[in-house]
Every structure is written in structure tokens, then in C-alpha cells.
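Take a look at the structure set out below.
Read the figures in this text as sums done on the coordinates, not as results from a lab. Keep in mind that what you see is a predicted model, and the values were worked out from it rather than measured. No Cβ is skipped: glycine too gets one built from the backbone with ideal geometry, and neighbour counts run over all protein chains shown.
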Amino acid sequence: MSSLSHEYLGIAIVDDDDVYRSYVSALVSKNTRFSVFEASSGEELYRILDSQKVDCIILDYNLGTESGFAVRDRLGERYHSVPPIVMLTGDGRESTVIKALRLGFNDYLAKRELTADGLISAIGRAVQRARDEQRTRAEHERLANMSGVDLVTGLLGQAKLDGRLAQLAAMGHGARSAYAIVLVEMNELHAINESFGLKAGDQALRAFGERLSKAARSSDICGRYSGSSFLIVVDVRSDPGQLQSFCERLTSDLAFRIDLNAASLDLSACIGAALGAEGAGGGTAGADLMKPALDALDAARAAGSPFKISDRRSSAPPSGGAASTTAEPVPSDAGVRPAADQLRTSDRRREPRQRVFKRGQILLPGLGATIDCTVRNQSRRGAGIRIDAPFAVPKEFELLITGDGVRKRVQVRWQIGTDLGVEYIA
């Protein structure tokens with residue numbers, strides 16, 4: 001315990017046997033700096049994690065109607081960050097132990113050999129190891145941010161892409177009119193995260209990013225912008241036919257199957273593209289093309305089409321059909337969560353909203369956590385944001401819009417999967 005001996009730690013003990021759970025609790029409580037929380041099932045554990053600070057979980061391998069492995073899987077799907085877990089098992093088979101360690105358990109102890117010293121030492125090791133790994137990940141993220149590389153896919157990250165868009169905006173009108181912005185959304189990420197967990201989602205993102213990188217040309221700027229969204233700045237020489245062909249090829253190349261540990265899944269893309277204006281004085285900056293590209297992506301989603309193109313050289317609607325209304329959930333300024341059948345209908349908001357595509361962060365200082373997000377639209381009273389993975393966001397938090405340096409206290413009005421509507425708190 002050395003460096004942790006002076007700290008108060010929250011310990012959750014999960015076992016469906018009331019007598020044995022009380023016994024384990026008594027052993028853990030011999031360390032007076034431990035606050036102990038008891039649960040007889042996964043559901044009770046989730047309620048504890050939602051309301052208490054837990055630094056380590058002692059989880060029984062066999063919970064009667066469910067296994068400790070199943071609970072561990074659901075923890076990964078439900079929470080952005082899972083405390084270290086020590087598994088208790090009466091099954092001493094080597095295969096069980098190996099499986100536990102592969103699935104993310106930090107340590108294991110045999111029930112028949114359990115002692116207070118052994119249990120307390122295992123908790124200390126698990127917590128210390130988890131903190132060391134967290135520091136290592138934070139350092140990797142810092143270095144990745146400095147280099148501009150996305151940690152999951154190995155492609156350019158959002159900050160680097162924003163820098164390239166700024167360079168494009170600084171170019172002369174004639175030069176930048178040759179470029180188009182292509183937004184590519186991986187359709188299945190949310191479903192994969194919910195059904196198979198975040199690790200499977202990262203696997204799918206890496207495979208998708210590899211395909212996208214191979215499909216892009218060497219002259220294109222390509223990276224992961226946020227969550228399931230990728231961005232390509234492509235040189236098409238102001239030729240809408242060339243952009244159409246490029247989108248058709250992307251659609252084909254990004255429809256493929258991957259094999260995960262749990263399943264074999266089909267992946268696909270939805271694409272929105274915007275072509276810059278042509279001629280002297282008509283060049284459109286890269287940042288200005290983001291909104292029409294996002295509108296085209298929404299139109300493609302709403303129409304069930306693989307892609308749409310917005311041609312800025314004229315007032316024509318996105319190719320493939322008229323521009324549709326917003327296809328994603330947006331916050332209601334009246335504070336009412338929209339009904340499911342209203343999410344893709346016309347905008348009934350009392351306050352006008354501005355479509356944006358900005359980097360943001362959800363700041364949770366009480367938990368020592370920061371969650372990356374994308375601000376998708378804004379109004380005077382609120383915003384619509386998208387987080388990278390399913391997470392039980394607190395009812396109130398600080399929202400930092402990093403590009404603008406704006407920091408707002410907000411209240412969640414609704415959440416559907418990774419989409420949230422928030423209202424600013426005065």
C-alpha cells in the first residue's frame with residue numbers, strides 16, 4: 001500500500017452470498033481508511049457507482065444469475081472510466097484466471113485462501129497499477145495532441161485538421177476554390193459501443209480509419225475529426241463530377257466486414273461533401289465549408305442516401321435531392337426532450353440556432369475527468385453536443401468550447417445515446 005497508505009479509498013464488494021459478502025467486508029474494513037459499499041448484483045453495483053466514489057471493486061466470479069465477466073463487460077459499456085477490479089473466485093482453474101486478466105481484471109484471489117492482508121495488498125496493487133496506467137495514458141495523449149495524431153486510428157486528429165483548415169482559409173481565393181470538404185460518418189459506431197463495448201468500438205474505428213486512409217489519395221488531407229466523424233480535404237479542381245466520383249468510390253471502399261472477438265460486423269459510411277466557390281473573390285474558406293458539408297451529411301442521413309454534395313458555386317441543393325432539415329437531435333430551448341418521431345422533422349425551436357462543428361470538452365472536476373465532445377449547433381440559450389462514446393453524463397456540468405475559449409455551466413435537458421441537448425445556466 002506504501003504510497004496509498006495515507007489515502008481514504010472507496011471499495012465496492014459484489015457477491016450474491018450475503019454471509020460471504022459480510023465476511024469479505026469485515027476483512028476489508030480492517031483497514032480503517034477504506035469506505036466499504038456492498039452489492040449483491042451488477043445492478044446494485046451500478047447504483048453505487050452512480051452515487052459514490054469507488055476506487056476499487058471486489059467482484060465475485062459467480063453471482064448466481066450472472067457472471068463476474070458479464071458485469072465487467074457491462075461496466076465497460078456503461079462507464080467512461082471503470083475502477084480497477086479484483087476478482088474473487090472459488091474456481092482456481094488457470095483458464096478462468098487467464099480469461100479474467102484478458103478481460104481487464106486487475107488481479108484475482110482464491111476464496112479459500114483469502115486473508116485480510118492478502119486482500120488489502122491486492123487492493124493496493126490494483127489501485128496503484130490503475131493510477132500508473134492512467135498517468136501513462138495521459139502522457140500518451142499529451143504527446144499525441146502535440147503531434148496532432150488521433151490515438152485510436154493513427155490518423156490526423158482534430159487539432160491538426162483545424163490547423164490545416166486554417167491554412168486553407170489563409171490561401172488565395174483561386175487556390176482554395178479548388179478544394180472540397182468531405183465529412184465521413186461511420187454509421188455503426190454507436191450500436192457497436194452499446195452492444196459490444198468501447199474496445200470493440202475502437203477496433204471498428206481503427207479498421208474504418210485504415211480503409212479511409214487507403215481510399216484517400218496522397219494529396220488529400222485525411223483524419224478523424226470527432227467520435228465517428230472523419231474529415232477529408234480533397235483537391236478536386238472545382239470539378240463537381242470529380243467530387244461525385246470521389247464520394248462514390250469512398251462509399252464503395254468503406255462498405256466492408258470486420259471480425260471482432262464477439263461478432264462479425266458490416267461497416268458502412270454516410271458522406272456529406274461541400275465544393276468551394278469558384279472564381280476571383282468567390283473562394284470559400286475551409287472552415288466556411290464545414291457547415292454546408294455538415295448540412296449535406298444530415299441530408300444524406302435523412303434521405304437514407306450514402307452521400308450528398310453541396311455545390312457552393314450555385315444555390316443548387318445538395319446533389320441527390322433537396323436539402324433536408326436537420327437529421328440529428330437538437331436541444332429544445334423550452335427544456336423538453338423531443339419525442340422520437342420529432343427528431344428528424346422541422347425545427348420548432350423558439351430560438352434560432354446556428355449550425356456549427358466545434359471541438360468541446362465536458363469538464364467534471366469532481367470526478368477528475370474530462371470528456372471530449374463536438375458542439376453541433378448553438379443558440380442563445382443552449383447547444384447540441386455529441387460525445388465520443390456512450391456515457392452517463394451528470395445532470396449539470398461545465399462545457400468548454402475549446403476553439404472559442406467559451407466556458408458555460410449547462411444543464412442536460414435530454415440525452416439520446418451519444419447526443420445531448422443542454423441549456424445554459426445563467
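Some values worked out for this structure:
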| read-out | value |
| --- | --- |
| FRET E, pair residue 167, residue 50, Förster distance 41 Å, beta-carbon r, rounded to 0.05 | 0.35 |
| Violating pairs (Cα-Cα greater than 22 angstrom) within the set 358/408; 160/291; 214/358 | 214/358 |
| Label point distance in nm, residue 138-residue 291, each placed 7 Å from Cα along Cα→Cβ | 3.9 |
| Residue 81-residue 195 FRET efficiency (beta carbon distance; Förster radius 22 Å; 0.05 resolution) | 0.60 |
| Residue exposure sequence - 425, 385, 192 - by fewest surrounding Cβ within 10 Å | 425, 192, 385 |
| Net length gained if the chain between residue 16 and residue 74 were fully extended (0.36 nm per residue, minus Cα distance) | 19.1 nm |
| Where labels lie 7 Å past Cα in the beta-carbon direction, separation of residue 32 and residue 116 in nm | 1.2 |
| Extension gain (nm, one decimal) between residue 426 and residue 408, 0.36 nm per residue minus Cα-Cα | 5.6 nm |
| 225, 108, 23, 179 arranged by Cβ crowding within 10 Å, fewest neighbours leading | 23, 108, 225, 179 |
| Relative packing of peptides 13-22, 289-298 - highest average C-beta neighbours within 10 Å first | 289-298, 13-22 |
| Least to most buried among 402, 32, 89, 370 (fewest other Cβ within 10 Å first) | 32, 370, 402, 89 |
| Binned Cα-Cα distances of the stretch 149-311, short to long, each 5 Å bin given as a whole percent | 2, 10, 19, 22, 20, 14, 7, 4, 2, 1, 0 |
| Peptides 210-220, 371-381 ordered by average Cβ neighbours within 10 Å, highest first | 371-381, 210-220 |
